[in-house]
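Before any comments, here is the structure.
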Amino acid sequence: LSMILQNEAGGRFEYVNEPGDNGGPTKGGVTQANLAEWVGHPVNAQDVQDMTYDTWRAIVTQNFWIRPGFYRLPLPICVLAAVFDQGILSGPGNAIKLLQRVLGVSDDGIIGPATVIACTAFLRAHTASFMQQQYCAQRIAYFNAIVAHNPSQIKWLKGWTNRARSFV
């Protein structure tokens with residue numbers, strides 16, 4: 001979890017609400033929408049700002065680790081950390097789809113038996129370092145596609161790319 005905070009807020013558990021950021025009000029990568037889903041009712045930016053570390057940790061653990069099933073992936077920590085980080089950044093389904101593209105399986109965004117088996121097979125044929133590089137390339141392609149679709153997001157591209165590369 002400290003890795004997530006390092007990437008989300010420079011190692012600090014702080015609130016951000018940057019103009020033009022499609023995520024809106026966030027704290028440690030948890031958005032207003034994530035918090036509202038967690039508490040079961042609408043919340044406002046102040047609620048996000050007031051979110052405690054314990055609530056944040058519970059949301060990240062349940063919604064970004066357990067629910068998508070990242071713990072089921074037979075991956076070395078160096079790759080798993082990048083996948084988890086991407087899940088915080090763009091949602092677990094998107095992170096899983098990028099991994100599935102690396103593995104050459106259907107990119108449905110769900111960790112099922114085919115994805116788990118493909119992880120094992122990929123790592124029998126390739127090194128973890130190669131997998132890291134391939135996943136980083138998928139992340140960067142994903143970020144470039146966001147900017148191609150919405151040029152206003154270019155101001156985030158360098159940070160996103162640096163974040164992806166920090167896992168290689």
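The values are calculated or read from the model by the stated rules, or taken from the named source; none is laboratory data. This is a predicted model, so every value here is computed, not measured. With ideal geometry, Cβ positions are generated from the backbone for all residues, glycine too; neighbour counts draw on all protein chains shown. With ligands, DNA and RNA removed, areas are computed over all heavy atoms of the protein, side chains included. Shrake-Rupley method; radii C 1.70, N 1.55, O 1.52, S 1.80 Å.
Residues that are farther than 18 Å from ASP21 by Cα, open to solvent by 40 Å² or more (accessible area, probe 1.4 Å) and not in a helix (DSSP H, G or I): does the range 119-132 have at least one?
The first filter runs over the range 119-132 and keeps only residues farther than 18 Å from ASP21 by Cα, leaving 119-132.
The next check asks that each one be open to solvent by 40 Å² or more (accessible area, probe 1.4 Å); those that pass are 120-121, 123-127, 129-130.
Those still in the list that are not in a helix (DSSP H, G or I) too: 126-127.
There is at least one residue in the range 119-132 that is farther than 18 Å from ASP21 by Cα, open to solvent by 40 Å² or more (accessible area, probe 1.4 Å) and not in a helix (DSSP H, G or I).
State whether the residues of the range 98-105 include one that is under 23 Å from LEU157 (Cα atoms) and either part of a loop (DSSP other than H, G, I, E, B) or modelled with pLDDT under 95 (or both). Explain how you work it out, then say what you get.
Step one: of the range 98-105, the residues under 23 Å from LEU157 (Cα atoms) are 98-102.
If we keep only those that are either part of a loop (DSSP other than H, G, I, E, B) or modelled with pLDDT under 95 (or both) too, we end up with none.
No; the residues of the range 98-105 include none that is under 23 Å from LEU157 (Cα atoms) and either part of a loop (DSSP other than H, G, I, E, B) or modelled with pLDDT under 95 (or both).
Report, by residue number, each residue of the range 18-59 that is assigned to a loop (DSSP other than H, G, I, E, B) and at pLDDT below 95.
Within the range 18-59, GLU18, PRO19, GLY20, ASP21, ASN22, GLY23, GLY24, GLY28, GLY29, THR52 qualify.
Within the range 115-134, is even one residue more than 15 Å from the chain's Cα centre (by Cα) and within 29 Å of LYS27 (Cβ to Cβ)?
Checked the range 115-134: no residue is more than 15 Å from the chain's Cα centre (by Cα) and within 29 Å of LYS27 (Cβ to Cβ).
Taking the stated definitions as given, is PRO68 in contact (Cβ under 8 Å) with a residue 40 or more places away in the chain, surrounded by fewer than 18 Cβ atoms within 10 Å (Cβ to Cβ) and assigned to a loop (DSSP other than H, G, I, E, B)?
On the way: in contact (Cβ under 8 Å) with a residue 40 or more places away in the chain: yes; surrounded by fewer than 18 Cβ atoms within 10 Å (Cβ to Cβ): no; assigned to a loop (DSSP other than H, G, I, E, B): yes.
Taking the combined requirement at face value, the residue does not satisfy it.
Among the residues of the range 106-118, count how many are in a helix (DSSP H, G or I) and within 14 Å of VAL83 (Cα to Cα).
The number of residues fulfilling the criteria is 2.
Can you spot a residue in the range 51-58 that is touching a helix residue (DSSP H, G or I) at 6+ places or on another chain (Cβ under 6 Å) and open to solvent by 40 Å² or more (accessible area, probe 1.4 Å)?
no
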